[in-house]
1. Collect the residues in region 317-326 that are surrounded by fewer than 17 Cβ atoms within 10 Å (Cβ to Cβ) and in contact with a helix residue (DSSP H, G or I) (Cβ under 9 Å, 6 or more places away or on another chain), keeping them in residue-number order.
2. Can you run down the residue pairs with Cβ atoms below 6 Å, 6 or more apart or on separate chains, where the first is in region 134-151 and closer than 15 Å to Ser77 by Cβ and at pLDDT 95 or above and the partner is of a type in the set (Ser, Thr, Tyr) and not in a helix (DSSP H, G or I)?
3. If the requirement is being in contact with a Ser or Thr (Cβ under 9 Å, 6 or more places away or on another chain), aliphatic (A, V, I, L, M) and at pLDDT 95 or above, which of these qualifies: Val240, Val258?
4. Which ones in region 145-175 are more than 18 Å from Ala51 (Cα to Cα) and under 17 Å from the mean Cα position of the chain (by Cα)?
5. If Val240 meets every condition in (1) buried (at least 19 other Cβ atoms within 10 Å of the Cβ); (2) under 26 Å from Arg49 (Cα atoms); (3) of a type in the set (Val, Ile, Thr) apart from one, which number is that one?
6. Looking at Val174, Val161, can you tell me which residue is assigned to a strand (DSSP E or B) and either surrounded by fewer than 22 Cβ atoms within 10 Å (Cβ to Cβ) or not acidic (Asp, Glu) (or both)?
7. Looking at region 90-115 only, could you name the residues that are in a loop (DSSP other than H, G, I, E, B) and either at pLDDT 95 or above or surrounded by fewer than 17 Cβ atoms within 10 Å (Cβ to Cβ) (or both)?
8. Please go through (1) in a loop (DSSP other than H, G, I, E, B); (2) in contact with a helix residue (DSSP H, G or I) (Cβ under 8 Å, 6 or more places away or on another chain); (3) more than 24 Å from Met214 (Cβ to Cβ) for Gly290 and return the number of the only condition it doesn't satisfy.
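The values are calculated or read from the model by the stated rules, or taken from the named source; none is laboratory data. Keep in mind that this is a model prediction, so the values were computed, not measured. Note that we place each Cβ from the backbone using ideal geometry, even for glycine, and neighbour counts take in every protein chain shown.
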Amino acid sequence: MFLLIYLICLLIVGYLTLNVIYLFISAVAGRLGSADDVPTSDAVDRLRRIAVLIPAYKEDAVIIGSVVANLKQNYPSDLYDLIVIADSFLPETLEKLSVYPIKVICVDFVESTVQKSVAYALNSLPENEYDIVMVSDADNHMAPDFLGRINQAFGQGWRAVQGHRMAKNTNKSVAIFDAMNEEVNNNIFRAGQRALGLSAMCTGSGMAFEPLLMKRALNQIKTVGGYDKELEMLLTIERVRVAYLQDAVIYDEKVQNVAVFNKQRTRWIAAQLYFVKAYFKIGIQQLIKGNGQAFNTMVRSLLLPRMILLTVLGFLLLISLLVGSHELKVFSCGIFGLMAGSLIVSIPMSLWHKISVRDFFVLPSLIFGMFRSLINYKQASKVFLHTPHAETSDLGNLH
């Protein structure tokens, strides 16, 4: 029995260590390396036609503002189309949308998901009309040069590109931490992965693909939520790497209250667990075939959510300081320090300046919610949990 307990403890410690080492190496690589951007002064081979797909489920409150903002591209207006995929919109919202130079595709699913909306729109587009298909959330605002930078990346030979999703608002404590989480993801799983020669992680919006490539992948996806993880896996199986453009910025509304934060994380955890179950064996098979990119995509899904990981490491550190041996104290201090360092170097100084002592009082609620999400994940695996959005007044990041 003692040996069994010892082996279990050893496995847990090993798993936690691998989590931290993976994150630390990627964080440092992201900070020291460079993304796939090219100078805007570089010659552009040609201007491509771009379809911007905007899947929107009951997003009446934000869609008009997003359409107005996204029509302000520097890119020639005749070379890109905003295509709103309107699911369960109010008639008056559809009437308002009709006055703008955009396309609207109305959908009505028994069970709505982003993947269904995007796949429906992709299959509805005329063949060969667009050179690039981009996905944007209903609340997203593209920076004026966003599509120009996407076009430039495709001119460099990329077939799949992820832009830099950045917080549109930091008006609440929860929003600040959500914005920090976004930038940690950008540094570790996008900039860091690319600096290491790996494929950048897709994030669900601000991403662009060759139309046929994306259509082929989307038609294979069955997940209720988190389709971006499965999409990336299918791309890497085809040995297509995803580029990351640090300077191609798209602004995303951050969650503003604890309840919505917890619902969103429940959906993410459900998607992560589904992905592990569906693709663990496939990831191993891809490694045997020499496809390290696809294997790495699977490995990322095995990592603990960072808030949970940091909490577990904090408890380990506390226990070691109270009752642990000298070796355990050194280990727990070291692994906690590496984890904290990974987060610190990944968060830009502009966000550190926004946070105050008062904001940290919301952290216990967020941490408790993350652990509760581990229990409630089955709910999100069956029904898509929609994250509601609202127009925000904190738009300082846009200037």
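1. Of region 317-326, the ones surrounded by fewer than 17 Cβ atoms within 10 Å (Cβ to Cβ) are 318-319, 321-326.
Of everything in region 317-326, those that are surrounded by fewer than 17 Cβ atoms within 10 Å (Cβ to Cβ) and in contact with a helix residue (DSSP H, G or I) (Cβ under 9 Å, 6 or more places away or on another chain) turn out to be Leu318, Ile319, Leu321, Gly324.
2. Leu147/Tyr75; Leu147/Tyr80; Gly148/Tyr75
3. Working: Val258 fails: at pLDDT 95 or above.
After applying the criteria, what remains is Val240.
4. So in region 145-175, the residues more than 18 Å from Ala51 (Cα to Cα) come out as 156-157, 164-175.
Answer for region 145-175, where residues must be more than 18 Å from Ala51 (Cα to Cα) and under 17 Å from the mean Cα position of the chain (by Cα): His164, Arg165, Met166, Ala167, Lys168, Asn169, Ala175.
5. Looking at each condition in turn, Val240 falls short on (1).
6. Values: Val174 fails: assigned to a strand (DSSP E or B).
The unique qualifying residue is Val161.
7. Step one: filter region 90-115 for residues in a loop (DSSP other than H, G, I, E, B), giving 90, 98-102, 108-113.
If the condition is that a residue be in a loop (DSSP other than H, G, I, E, B) and either at pLDDT 95 or above or surrounded by fewer than 17 Cβ atoms within 10 Å (Cβ to Cβ) (or both), then Leu90, Ser98, Val99, Tyr100, Pro101, Ile102, Asp108, Phe109, Val110, Glu111 are the ones that fit.
8. (2)
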